[in-house]
């Protein structure tokens with residue numbers, strides 16, 4: 001029997017990585033998970049995770065606190081996964097002790113780094129991470145600095161890295177959701193050697209862990225190559241620092257080996273089936289009345305969704321300004337993939353960004369929690385124990401499970 005791949009899942013939410021990995025291979029064994037929402041007593045995402053995966057050891061504590069006072073609770077593992085928040089990754093100081101680096105307090109990237117660093121020779125062989133695509137170009141005054149810090153810190157720990165920005169709809173999924181997926185390989189693995197010996201373009205387009213299941217082609221107008229120089233403190237203060245904001249050197253696909261980065265602008269190469277928003281809609285008879293738009297609110301919905309070019313006044317500072325924005329499709333098209341789900345999708349109040357569809361009977365309504373789950377490829381009613389607004393919030397924070405499933409299967413094939 002093939003060896004199990006032991007996994008820990010950080011920032012687990014309601015278990016998108018867990019679902020995707022288990023769908024992709026029985027060899028993945030999630031041996032520990034952590035989900036903690038700061039500044040709130042209730043922990044509904046953690047509660048859902050426990051209900052759905054009762055056999056997985058689960059922690060509902062601040063991961064930084066676990067690392068500091070209960071590190072032995074984090075088991076040794078082969079693969080670390082998680083969708084960590086995009087924050088300011090700056091380094092407060094470089095320390096001359098085993099801890100190594102002191103990142104900005106409360107920034108969750110440094111929790112990942114500290115686990116890898118403190119595990120020493122038992123650090124995981126592989127990482128599989130997800131983030132919003134703006135990670136590649138933040139912060140605004142030093143475009144790409146945060147990603148450079150992340151890449152350099154992984155290189156120091158002996159990892160090579162590949163990344164890709166994937167819009168789920170480009171590969172047949174029913175939602176336009178752009179996220180960056182990051183896979184890292186320790187230098188002690190065979191996959192590290194495969195990556196090192198394969199031309200970068202070939203790896204990214206077809207041969208790599210991501211490219212083999214999300215094939216792409218390199219365009220003619222995008223290529224960067226650079227060496228990330230200096231220690232992490234120097235990168236924090238000097239990387240891509242100009243008097244005016246500039247472009248990030250990190251394009252939507254790339255590879256890091258050592259401190260050398262090669263990055264390409266890639267375009268999806270997919271000819272398979274496509275799922276539309278309308279394919280996922282539940283029967284009208286199953287929709288609660290509360291999801292239908294009130295006649296008294298229609299004008300407000302129309303205003304918020306419509307184009308604007310108007311004078312506005314900021315009462316706080318007495319500043320007058322011209323505000324403009326384009327119109328949004330209203331109602332949402334059923335014959336296309338949906339717009340991106342956001343965390344504010346729940347609730348009946350009119351909003352520019354909430355999805356609204358027209359039913360066969362001609363009524364306008366919001367999307368139900370089950371439909372939002374389907375747009376992220378979760379099982380129906382995965383989050384049913386939570387309130388409807390919380391269920392929408394979970395899906396606004398979640399990833400598309402099918403993307404994890406495909407990359408997870410490809411990673412298993414590479415490891416094998």
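The values are calculated or read from the model by the stated rules, or taken from the named source; none is laboratory data. Bear in mind that the values here come from a model prediction, so they are computed numbers and not experimental data. Positions of Cβ are generated from backbone atoms using ideal geometry, with glycine treated the same way; all protein chains shown enter the neighbour counts.
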request  = Taking the residues in segment 75-107 that are at pLDDT 95 or above and either touching a helix residue (DSSP H, G or I) at 6+ places or on another chain (Cβ under 6 Å) or part of a helix (DSSP H, G or I) (or both) as candidates, determine which candidate is surrounded by the fewest Cβ atoms within 10 Å (Cβ to Cβ).
outcome  = 76
message = Can you pull out every residue in segment 247-281 that is under 23 Å from residue 161 (Cβ atoms) and surrounded by fewer than 20 Cβ atoms within 10 Å (Cβ to Cβ)?
response = 247, 257, 258, 259, 260, 262, 265, 267, 268, 269
request  = For segment 369-380, state whether one or more residues are more than 24 Å from residue 298 (Cβ to Cβ) and surrounded by fewer than 19 Cβ atoms within 10 Å (Cβ to Cβ).
outcome  = yes
Count of segment 369-391 residues which are within 16 Å of residue 281 (Cβ to Cβ) and either in a helix (DSSP H, G or I) or in the same structural domain as residue 172 (by TED's automatic domain parsing) (or both) = 7
request  = Evaluate segment 289-301: report whether one residue or more is touching a helix residue (DSSP H, G or I) at 6+ places or on another chain (Cβ under 9 Å) and either exposed (fewer than 15 other Cβ atoms within 10 Å of the Cβ) or at pLDDT below 95 (or both).
outcome  = yes
query = Considering segment 132-159 alone, what residues qualify as being crowded, with 23+ Cβ neighbours inside 10 Å and part of a strand (DSSP E or B)?
reply = 159
ask   = Out of 408, 402, 396, which single residue is at pLDDT 95 or above, in contact with a strand residue (DSSP E or B) (Cβ under 7 Å, 6 or more places away or on another chain) and not in a strand (DSSP E or B)?
value = 408
query = Which one of these does residue 234 not meet: (1) assigned to a helix (DSSP H, G or I); (2) at pLDDT 95 or above?
reply = (2)
note = Checked segment 30-74 for anything farther than 21 Å from residue 384 by Cα and either outside the structural domain of residue 118 (by TED's automatic domain parsing) or loosely packed, with under 13 Cβ neighbours inside 10 Å (or both); matches are 38, 39, 65, 68, 69, 70, 71, 72
